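A short write-up of the structure that comes next.
The values are calculated or read from the model by the stated rules, or taken from the named source; none is laboratory data. Everything quoted here is computed from the prediction, not taken from an experiment. Neighbour counts are summed over all protein chains in view; Cβ atoms, including those assigned to glycine, are modelled from backbone coordinates with ideal geometry. With ligands, DNA and RNA removed, areas are computed over all heavy atoms of the protein, side chains included. Shrake-Rupley method; radii C 1.70, N 1.55, O 1.52, S 1.80 Å.
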Amino acid sequence: MRKTLIKTGVLCGAVLLSLNAAAEQKFEGLADTPPMGWNSWNTFDCDVDETMIREMADAMVETGMRDAGYEYINIDDCWHGERDEEGNIQVSEEHFPSGMKALADYVHSKGLKLGIYSDAGYTTCAGRPGSRGYEYQDARTYAEWGIDYLKYDWCDTENINPVGAYTTMRDALHKAGRPIYYSICEWGDNQPWEWAQDIGHSWRATGDIYPCWDCAYNWGSWSSLGVLKILDIRKDLRLRQYAGPGHWNDYDMMEVGNGMTEAEDRSHFSLWAMLNSPLITGNDLRSMSDTTRKILTNKEIIALNQDPRGVEAMRYIDAGDLNVFLKPLANDELALLFLNRGDDVLKYTHDWQFNIVKDDQVGLEINFNHKRFTWKDLWKGGKGNTDKPLKLEIPPHDVVVLRLTPAQ
Ligand code: GLA
């Protein structure tokens, strides 16, 4: 009898253990397409407060950004105060006197969602309290506040195992019970594309972005990267194979409207859309120019990013200043992006008949001699078909983006 009891006890324990192990997971259904929103860091650095965040939510609505699909208002580093005597994280009373719950209520009342930032180490990158050792408590607090998105950074994490640390916060969020988008931000240092699919909804693939075309900004021990540098840094890894609905490569928050030229902003936005990167803007929405607004709200470019097939673009032609990216879309459509990386106007004739499309990842092969497409230029509005060669003159640092639809 005793033996049986013990056995049953052991068995129950084992069942419980395995139930427990299976109980926590990431929230599904939050990232069928890449998230769209705004984040404070690129423009405001540590200078965040509730008035500015409320105004940004207002601007998101008034500028038509919400209607174009942008949804998250994300507060990056530096919203924190100290922990109270029970270890609960507090907001900075000086900068968020009404508290985070009130701010979340306000953002929700605008039909938007609120995001927040923490770090897997003891301190955040700007030296605020991190979540190390407080993961479950912090996740509960975020859920109580009504948070919808967590960016989880990787500063001050010496000797911490990244898979374990990111899994712990995933489990903590799940346990807290509120569906929260989980954005992994460890800069691609530990190849998150290989292990993070079931942990987070996206993972940063590179170091921080910098608002320039092809520069790197040296901060001493690390550098921020311009648009082309981000585009090229993981080129050989074919990262696209790891991304898909629910789990995306994150090429960092955008710098559109933050000082690059109109052509560069257009290219940056189009590339991030083609790469299925989260479309998180990083400019001041309250004062953006009409040019910036038009770029960020180009619904046909956004539709490439939000395409339900969820296939990241491949670099289809790589020929010096000319790069052509190709993105298989739902319903046998395709997007093609012709990028002029160089400083001179690029003249190029694309002969469809000689450029067979082959994408082994999705088993796609198109011979334009046998299959006709019509195309639409998504920035200029022109239309054509694949019967005759496409003659392009692309200004420096600019793009031409076409959407191809099978001809009837
Ligand atoms: C890191 C991240 C940035 C930003 C800062 C905040 O550098 O990669 O995106 O969140 O920390 O301190």
Considering region 326-372, residues that are more than 32 Å from the chain's Cα centre (by Cα), more than 15 Å from residue 407 (Cβ to Cβ) and open to solvent by 90 Å² or more (accessible area, probe 1.4 Å), and then whichever is modelled with the lowest pLDDT, we arrive at 354
When residue 272 is run through (1) touching a residue at least 40 places away in the same chain (Cβ under 8 Å); (2) open to solvent by less than 10 Å² (accessible area, probe 1.4 Å); (3) under 20 Å from residue 311 (Cα atoms), the failure sits at (1)
For region 116-156, the count of residues that are closer than 22 Å to residue 38 by Cα, of a type in the set (D, E, K, R) and buried (at least 22 other Cβ atoms within 10 Å of the Cβ) equals 4
Residue 236 meets each of (1) more than 16 Å from the ligand (Cβ to nearest atom); (2) modelled with pLDDT of 95 or more; (3) not aliphatic (A, V, I, L, M) with one exception, condition (2)
Notebook entry, point to check: Has region 164-183 got at least one residue that is within 11 Å of the ligand (Cβ to nearest atom), on the phi > 0 side of the Ramachandran plot, open to solvent by 30 Å² or more (accessible area, probe 1.4 Å) and modelled with pLDDT of 95 or more?
Noted result: no
Going through region 191-211 in order, the residues found to be part of a loop (DSSP other than H, G, I, E, B) and more than 14 Å from the ligand (Cβ to nearest atom) are 191, 195, 196, 197, 198, 199, 200, 201
Going through region 119-148 in order, the residues found to be charged (D, E, K, R), within 23 Å of the chain's Cα centre (by Cα) and within 16 Å of the ligand (Cβ to nearest atom) are 119
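Would you list the helices (runs of 4 or more DSSP H) that sit entirely within region 224-335 and hold 2 or more residues that are of a type in the set (Gly, Ala, Ser)?
Details: elements: 227-233, 262-274, 290-296, 299-305.
In region 224-335, 262-274 are the helices (runs of 4 or more DSSP H) which contain 2 or more residues that are of a type in the set (Gly, Ala, Ser).
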When restricted to 107, 61, 91, the only residue more than 24 Å from the chain's Cα centre (by Cα), of a type in the set (A, V, I, L, M) and over 22 Å from residue 246 (Cα atoms) is 91
Pairing a residue in region 288-310 that is closer than 17 Å to residue 268 by Cβ with any residue that is open to solvent by 30 Å² or more (accessible area, probe 1.4 Å) and basic (Lys, Arg), where Cβ atoms lie under 9 Å and the two sit 6 or more apart in sequence or on different chains, gives 295/266; 298/266; 300/376; 300/403; 301/266; 304/403
Over region 96-127, the set of residues touching a strand residue (DSSP E or B) at 6+ places or on another chain (Cβ under 7 Å) and either within 24 Å of residue 154 (Cα to Cα) or at pLDDT below 95 (or both) is 100, 113, 114, 115, 116, 117, 118, 119, 120, 123, 124, 125
Per the list (1) of a type in the set (S, T, N, Q); (2) within 13 Å of the ligand (Cβ to nearest atom); (3) under 16 Å from residue 280 (Cα atoms), residue check on residue 249 breaks on (2)
In region 205-229, anything in contact with a Gly (Cβ under 8 Å, 6 or more places away or on another chain) and within 24 Å of residue 328 (Cβ to Cβ) is listed as 205, 206
Given (1) acidic (Asp, Glu); (2) in contact (Cβ under 8 Å) with a residue 60 or more places away in the chain; (3) within 16 Å of the ligand (Cβ to nearest atom), residue 55 misses just (3)
Checking 222, 248 in turn, the sole residue that is touching a residue at least 12 places away in the same chain (Cβ under 8 Å) and open to solvent by less than 50 Å² (accessible area, probe 1.4 Å) turns out to be 248
